[in-house]
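Before any comments, here is the structure.
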Amino acid sequence: MKINEQPSQEILATLQEALDNDHSARLRDLWVPMNPLYIVAEEAGVPLGIASICRIGGGAELYKLYVVPPHREKGIG
């Protein structure tokens, strides 16, 4: 598994599409309004999950975490 700290808009859109089709997810969207850092887990170029981290003051906060359904419960999150 590879961790991508600078995912392209295409990768983010692919993950949002997976989220749109995931009726068990409690998230509506992956986008974060506050200067986010998106970190994507990928394998063989396929995005498996994403974390949105927001910089707040001198620290950071995990804002959203999403793993595509077929890859859940594998320690990706």
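Below, the figures for the structure above:
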| read-out | value |
| --- | --- |
| In degrees, nearest ten, helix 9-20 long axis to first principal axis of the chain (Cα) | 60 degrees |
| Semi-axis lengths (Å, descending) of the ellipsoid that matches the C-alpha gyration tensor of the chain | 19, 14, 12 |
| Accessible area (Å², 1.4 Å probe, nearest 10) - residue 62 | 100 Å² |
| Inter-probe distance in nm under a simple model that places probes 7 Å from Cα toward Cβ, at residue 1 and residue 62 | 1.2 nm |
| Computed [θ] at 222 nm, helices only, for the chain once each DSSP H run of length n ≥ 4 contributes -39500 (n - 2.57) | -5000 deg cm²/dmol |
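The values are calculated or read from the model by the stated rules, or taken from the named source; none is laboratory data. Just so we're clear, the structure is a prediction, and the values are computed from it rather than from any experiment. So basically every Cβ, Gly included, is an ideal-geometry build from the backbone, and we count neighbours across all protein chains shown. Each accessible area value is taken on the protein alone, full model and side chains, heavy atoms only, with ligands, DNA and RNA left out. Shrake-Rupley method; radii C 1.70, N 1.55, O 1.52, S 1.80 Å.
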